[in-house]
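Visitor: Supplied in C-alpha cells, the structure appears directly below.
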Ligand SMILES: NC(=O)c1ccc[n+]([C@@H]2O[C@H](COP(=O)([O-])OP(=O)(O)OC[C@H]3O[C@@H](n4cnc5c(N)ncnc54)[C@H](O)[C@@H]3O)[C@@H](O)[C@H]2O)c1
C-alpha cells in the first residue's frame, strides 16, 4: 500500500468508525453517571440467562432492567439483582434508554425485539440464531447501520481455544490452499427434551429443527473458519423424533475457490466424536468437542509432490506438530467483554450481525435445498425462502 493510500485508509476508516459508533455519544456521555454501560435484558426468565449473568456483572456494566412476559421469574431475578423489572419491552426501552440490550427470547422474536431496541437507540446483543429467516437478518443489519448502533450475535464458541488457534493457523496459510472440509456432529436428544418446551422443533416456534437450534454454532464455525459456502445440496429429514422440522441434516457444500465440504448433524444419533476436519495442500487439522486440535503437516505440498514424485503410489510424509493453544474458554462472558470493547474502544466485534446472517443463510439454504429437491446457490432468494417457511408453518411441504 502506498503512503497516500495508507493515509486515506486511516482517515476514512477511522472517521467512519467514530461516526458510526460514537455518533450518539461515547459511553461517557450516553451511559450512567457511573461511566458504565447501562444494560437491559429482554427475555430475562430464559433458561440461558444464567450463562449471561457473568457478562452482566462485569465491572463496566450497570444492569438497569430485566424484561420478560414471565412476570413471576423475571421479577424474582430483577429483585435478586437489584434492578427494575418490566413486562413490556416498549415501556422498558422508553423509560430506561439502555446503552445495550441483550435479546434471549425464542428465535422467531429476535428480529422484532432487536429492531425495536436498535430504533430506541441501544446497541443490541442477540442470542443465536440471529433470526429464523434471512430477510429478517437483512433488516436487522440495515436498521443497525441506519441507527449507527452495534448489532452483535452470541457465538461464544468462537472463543474456544482450539477454534481461535485453528483460525490463526488458517489465516497464516499453514495448511496451504484449502481443499476439503468435513463436519460431523451428533447432539443426541431424547423425546423429553422436545417435550420440555413445546416450541422446540416446530416451524412456528423456531423456524426449523437441529439446524436452527443445536447446529447454529457449528454452521457459524464453518463460516468463520472456511467462509460461507457458495453452493449446496442437502437432505434435512426427520429420522427419529416426533417433531415437525428436521432432526438430521446431511449436505454437500462448495466453498469459494472450489473447496469441497461435507456436513452431517443430527439430534437422532449417538456419536461422541464431534469432528471438524480441514484438509489443505500442505496439511490438515481436526477440531474436536474435547477441546483438542490436532495438526498434521506434510513435508511437501501436495501440489509440488504430484509433479515431482517418481513413485506412482506414493504420498508425502506427514508429521503431527505440537501447537500451543490460544487462551479462551468459549463462554458468554467473553462475548460481553468483546462487545464492550467494541462499543467503548472501537475494536471490531468478533461476531457482528453479518456473522449471524452467514450462519442463518446456510441453515435456510440447507432447508430450502431439501424441500425443493435442488442444488442451491447462496445468497438465497429472500422471498422464495419466506414463501417456503410460510408454507411449512401452515403444515404444507411434508417431508
Ligand atoms: N449461545 C448458546 O449457546 C445458547 C444456548 C441455549 C439457548 N440459546 C438461545 O437463547 C434463546 C433462548 O433459549 P432458552 O432455551 O433459554 O429459551 P427459554 O424458553 O428458556 O426462554 C425464553 C424466554 O423468552 C421469554 N419470552 C417469550 N416471549 C417474549 C416476549 N415477547 N418478550 C419478552 N420475553 C419473552 C419467555 O418467557 C422465556 O423466559 C434461543 O434463541 C436459543 O437459541 C443460545
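Visitor: Give me the angle, in degrees from 0 to 90, between the Cα long axis of helix 161-171 and the longest principal axis of the Cα atoms of the chain, rounded to the nearest 10.
Guide: Rounded to the nearest ten degrees, it is 60.
Visitor: Quick one: divide the alpha-carbon radius of gyration of the stretch 210-292 by 2.2 N^0.38 Å and tell me what you get. List each step's numbers first, then the result.
Guide: Working: Rg = 13.6 Å, N = 83, 2.2 N^0.38 = 11.8 Å.
Dividing the Cα Rg of the stretch 210-292 by 2.2 N^0.38 Å gives 1.15.
Visitor: With just the Cα atoms defining each centre, how far is the stretch 286-341 from the stretch 116-182? Give it in Å.
Guide: The two parts, judged by their Cα centres, are 22 Å apart.
Visitor: Per the Kirkwood formula on distinct C-alpha pairs, the Rh of the stretch 291-399 is how many angstrom? Don't skip to the answer; put the middle values down first.
Guide: Working: mean 1/r = 0.0514 Å⁻¹.
Answer for the stretch 291-399: a Kirkwood hydrodynamic radius of 19.5 Å.
Visitor: Show me 243-250, 302-309 ranked by packing, highest mean number of other Cβ atoms within 10 Å first. Could you put the intermediate results ahead of the total?
Guide: On the way: 243-250: 23.4, 302-309: 12.9.
Highest mean packing first, the order is 243-250, 302-309.
Visitor: Any idea what log10 I(q)/I(0) is at q = 0.07, 0.12 Å⁻¹ for the chain, Debye with uniform C-alpha scatterers and no solvent?
Guide: -0.36, -1.02
Visitor: Compute the long axis of helix 110-119 from its Cα atoms, compare it with the longest principal axis of the Cα atoms of the chain, and write down the angle in degrees, 0 to 90, nearest 10.
Guide: Taking Cα atoms only, the helix is inclined about 60 degrees.
Visitor: Distance from the Cα centre of the stretch 80-112 to that of the stretch 183-243, in angstrom?
Guide: 27
Visitor: Under a GNM of the chain (C-alpha, springs under 10 Å), which listed residue has the highest mean-square fluctuation: 96, 127, 162?
Guide: 96
Visitor: Helix 353-372: angle to the longest alpha-carbon principal axis of the chain, degrees 0 to 90, nearest 10?
Guide: On a 0 to 90 degree scale, this one is about 60.
Visitor: So, by mean Cβ neighbours within 10 angstrom, what's the order for 327-336, 350-359 with the highest one leading? Please report the intermediate quantities before stating the final value.
Guide: Values: 327-336: 18.5, 350-359: 22.9.
Result, highest mean Cβ count within 10 Å first: 350-359, 327-336.
Visitor: Rounded, prolate or oblate: pick one for the stretch 137-213, where a ≥ b ≥ c are the square roots of the eigenvalues of its C-alpha gyration tensor, a/c under 1.5 means rounded, and failing that, prolate if a/b is larger than b/c, else oblate. Numbers along the way, then the final one.
Guide: On the way: a/c = 2.50, a/b = 1.23, b/c = 2.03.
Cα axes put the stretch 137-213 in the oblate bin.
Visitor: If you don't mind, another one. Taking a temperature of 20 °C and a viscosity of 1.002 mPa s, what whole-number D in µm²/s does Stokes-Einstein yield for the stretch 104-259 with Rh from Kirkwood over alpha carbon pairs?
Guide: Details: Rh = 17.4 Å.
In µm²/s, the coefficient rounds to 123.
Visitor: Let me ask something else. Give the peptides 314-325, 266-277, 72-83 in descending order of average Cβ contacts within 10 Å, highest first.
Guide: 266-277, 72-83, 314-325
Rule-based calculations on the coordinates, nothing more; no lab input. Fair warning: this is a prediction, and the values are worked out from it, not measured in the lab. Cβ sites come from the backbone with ideal geometry, for glycine too, and all protein chains shown count toward neighbours.
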